[in-house]
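What follows draws every value from the coordinates through simple rules; no lab data is involved. Values in this document were obtained by computation on a predicted structure and should not be read as measured data. Here Cβ is always computed from backbone atoms with ideal geometry, including for glycine, and neighbour counts include all displayed protein chains.
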């Protein structure tokens, strides 16, 4: 499956009052199958798996991609920092990934097209040594799968 048509982003640029020559650099990243990526801002209310309001814009983008590409399958993976027990972290990361799945299913995506997994603290992006880095490790990632 090709991913070339999957990711689009609309941007409005107001050029009123701008000089005659305007340069805007836009970085494009080609998505690849089986490569994990983060999609905007997926957040949860403290100590819960309840999605925050700002999560819905990002999840709606994923919904649009999946709705426009009915053969597309996705893995949703939850991650945590190393605070707390490994069992708790695995549990909460799985519950948070499942919250994303439930949202997509509620909008009409077939559950068979989505896999979810909770990795807990086992796949940190950065060392869990300072609060700012711990916050980076609390995340939800997506991966297109066959």
Got a sec? How would 32, 134, 27 order by Cβ neighbour count within 10 Å, fewest to most? 27, 32, 134
Let me have the 222 nm mean residue ellipticity of the chain computed from DSSP H runs of 4+ only, each contributing -39500 (n - 2.57), with the sum over all residues rounded to the nearest 500. -9500 deg cm²/dmol
Of all DSSP beta bridges located in the chain, what percent are antiparallel, nearest 5? 60
Gaussian network model of the chain, Cα springs within a sub-10 Å range: biggest mean-square fluctuation belongs to which of 93, 116, 106? 106
Computed over the chain: longest principal axis from alpha-carbon atoms vs helix 55-68 long axis, angle to nearest 10 degrees, is 70
Once you've got the GNM for the chain with C-alpha springs shorter than 10 Å, pick whichever of 69, 25, 60 has the biggest mean-square fluctuation. 25
Identify which of the listed values of volume of the Cα convex hull per residue in Å³ was calculated from the structure shown: [x] 114; [y] 156; [z] 141. [y]
Give me 100, 123 sorted ascending by neighbouring Cβ count inside 10 Å, so fewest comes first. 123, 100
Just to be sure I understand: with springs between alpha-carbon atoms less than 10 Å apart, which residue in 117, 126, 105 has the highest mean-square fluctuation in the Gaussian network model of the chain? 126
Report the full-extension gain for the segment residue 50 to residue 130: residue separation times 0.36 nm, less the Cα-Cα distance, to one decimal in nm. 26.3 nm
